[in-house]
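Student: The structure's right below; bear with me while I get my questions together.
The values are calculated or read from the model by the stated rules, or taken from the named source; none is laboratory data. Since this is a predicted model, take the numbers as computed values, not measurements. No Cβ is skipped: glycine too gets one built from the backbone with ideal geometry, and neighbour counts run over all protein chains shown. Note: accessible area is taken over every heavy atom of the protein model, side chains too, but ligands, DNA and RNA are not part of it. Shrake-Rupley method; radii C 1.70, N 1.55, O 1.52, S 1.80 Å.
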Amino acid sequence: KQEVTQIPAALSVPEGENLVLNCSFTDSAIYNLQWFRQDPGKGLTSLLLIQSSQREQTSGRLNASLDKSSGRSTLYIAASQPGDSATYLCAVISNFGNEKLTFGTGTRLTIIP
Amino acid sequence: GAGVSQSPSNKVTEKGKDVELRCDPISGHTALYWYRQSLGQGLEFLIYFQGNSAPDKSGLPSDRFSAERTGGSVSTLTIQRTQQEDSAVYLCASSVRGRQGLPLGTIEQFFGPGTRLTVL
């Protein structure tokens, strides 16, 4: 059974700093990994999708990397802004079974102005 | 519409009542998913529809939960005889999975805003 873990559970950093969020998964047989952002009381916004054959994806100040063999992904946020404050979730689609996403428990990020 | 929509946004009901939650996927998306987000369990998969195939119901927590998808578009999640532990945010997502030739690794799920269900 695929299990996804995110560390840390919460993180507070001053505005302007670069930061890294971590995601690990137990079964490396995945189709892809997706990073989401969730604002309080809102749904999920897709940030980046990394296919299993890819090593990284970039969008603006965000960069996500994938090391499938070790079961790890990182989300790098450059020059953090107060608007980046949210909960960040990673999720994977495994090779076996249906195309459901298995989610991590999330990292609650607070950027201090 | 531009994105996945869900209704109602909030639902308060009494224990034992039935509720229906609605999801309108992105036009042209053949796959539709329901997830549940609760404080104790995080985000968990409930059910998956793909085109005209039989749905994958492996995530439904009990037989009080059911879902249907009419005409390959709108979906309704029904919870019968609601219990307090059913209180959660119910999220719907859709994707383009099923289009011929699309690599599985490119499946990207897009989520609606969710329905917050409170069972008193």
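Student: Mind checking B:114-120 for the average number of partner chain beta-carbons within 10 Å of each residue's beta-carbon?
Tutor: 1
Student: Could you tell me which of the pairs A:LYS42/A:LYS68; B:LYS11/B:LYS57; A:LYS1/B:LYS11; B:LYS17/B:LYS57; A:LYS68/A:LYS100 are separated by over 26 angstrom between their Cα atoms in the structure shown?
Tutor: A:LYS42/A:LYS68; A:LYS1/B:LYS11
Student: Let me ask another. Can you tell me, using C-alpha contacts under 8 Å and at least 6 residues apart, the relative contact order of chain A as a whole percent?
Tutor: 37
Student: Stokes-Einstein diffusion coefficient for the stretch B:4-100 at 37 °C in a medium of 0.692 mPa s, Rh from the Kirkwood formula over Cα pairs: what value in µm²/s?
Tutor: This corresponds to a translational diffusion coefficient of 239 µm²/s.
Student: Within the P(r) computed for chain A, what percentage of the Cα pairs occupies the region above 17 Å?
Tutor: Here the long-distance tail beyond 17 Å is 50 percent of all Cα pairs in chain A.
Student: Let me ask you something else. Computing the accessible area with a 1.4 Å probe over protein heavy atoms, can you report the carbon and sulfur percentage for chain B?
Tutor: 45
Student: Hey, rough spin-label estimate for A:LYS1 and B:SER9, points 7 angstrom out along Cα→Cβ, what's it come to in nanometres?
Tutor: In this crude spin-label approximation the distance works out to 3.5 nm.
Student: Solvent-accessible area per residue for the protein assembly as shown at a 1.4 Å probe radius, Å²?
Tutor: With the other protein chains kept in place, the protein assembly as shown gives 48 Å² per residue.
Student: May I ask you to evaluate 6.51 cos²θ - 1.76 cosθ + 1.60, the Karplus curve with θ = phi - 60°, for each residue of the stretch A:45-61 and list the ³J(HN,Hα) values in order in whole Hz, giving x for glycine and proline?
Tutor: Once rounded to whole Hz, the list reads 10, 6, 9, 8, 10, 10, 6, 4, 8, 9, 9, 7, 9, 10, 8, x, 8.
Student: Name all residues of the stretch B:41-62 having a backbone nitrogen under 17 Å from the label point set 7 Å from the Cα of A:PHE96 along its Cα→Cβ direction, giving them as ranges.
Tutor: Within reach of a label on A:PHE96: B:58-59.
Student: Rank by packing, highest mean first: peptides A:22-34, A:1-13, with packing defined as the count of other Cβ atoms within 10 Å averaged across residues.
Tutor: A:22-34, A:1-13
Student: Sticking with this one: Mind grabbing the interface size between A and B? I mean buried accessible area, both sides, 1.4 Å probe, in Å² to the nearest hundred.
Tutor: 1700
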